[in-house]
Amino acid sequence: MSEDKFRAALSRLTAGVVLVTAHDPEDGEDVGMTATSLLSVSLDPPLVLVSVRNGSRMDDLLERQPLWAVSILSGAQRQAAGWFAMKGRISDRLLFADLAHTRGEVAGAPLVDGALALLECRTEQRVTAGDHTLVVGRVLTTSTPPVDSGPLAYFRGRYRGLD
């Protein structure tokens, strides 16, 4: 199986888009990544799972500290999804400076203003799976702000707002 064929086949699966964020208490920096891999694992206890690329800044940070957040992006947040999906960026500081957000009370991580839903989580388990780590998090708090937009989806290599 070639990587290109595998990628082409899975690009036809429509996925919701989220921004996963965490705050590094050691240097005070915030880290963010765009993901299409968030899924609900359990209601009791409330668990979600996100897939994080091995060796990424997010992977390194979540290995050291367990608190993180998820902002489920709306169709109006396509630009933010693209910013945090860029590979090779030097720092997330400028991206967060241009992104309207508040700081979560539990995880201390940025939560995106205008997102469809917000979750603050604590890592329960990490499982290496190929070139990614599956991070299972216990949801500590949620909010669903009033938003007039539908979800942001990823399909065939493009972000699409769904209304």
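The values are calculated or read from the model by the stated rules, or taken from the named source; none is laboratory data. Everything numeric in this text was worked out from a predicted model, so none of it was measured. Every residue, glycine among them, receives a Cβ derived from its backbone with ideal geometry; neighbour counts consider all protein chains shown. The protein model used for the area step is the full one, side chains on, heavy atoms only, and it has no ligands, DNA or RNA in it. Shrake-Rupley method; radii C 1.70, N 1.55, O 1.52, S 1.80 Å.
General observations
- Rh by Kirkwood over Cα pairs, then Stokes-Einstein D for the chain at 0.890 mPa s and 25 °C, µm²/s: 153
- With the whole protein complex present, H132 retains an accessible surface near 50 Å², based on a 1.4 Å probe.
- Expected 222 nm ellipticity per residue - DSSP helices of 4 or more, -39500 (n - 2.57), all of the chain, to 500: -4500 deg cm²/dmol
- Carbon + sulfur, % of accessible area of segment 2-91 - ligands and nucleic acids excluded, 1.4 Å: 56
- Ignoring the sites themselves, the chain has its longest run without GluC sites (Glu not before Pro) in a DSSP loop having at most 15 other Cβ atoms within 10 Å at 30-104.
- Checking every one of the trypsin sites (Lys or Arg not before Pro) in segment 1-84 against DSSP loop status and a limit of 13 other Cβ atoms within 10 Å picks out R12.
- Dipole moment magnitude, nearest 20 debye, the chain about Cα centre, only Lys, Arg, Asp, Glu C-beta charged: 700
- Take segment 1-71 with all the other protein chains still there, run a 1.4 Å probe, and you get 54 Å² of accessible area per residue.
- Computed over the chain: relative contact order in percent, which uses C-alpha pairs under 8 Å that are six or more apart: 28
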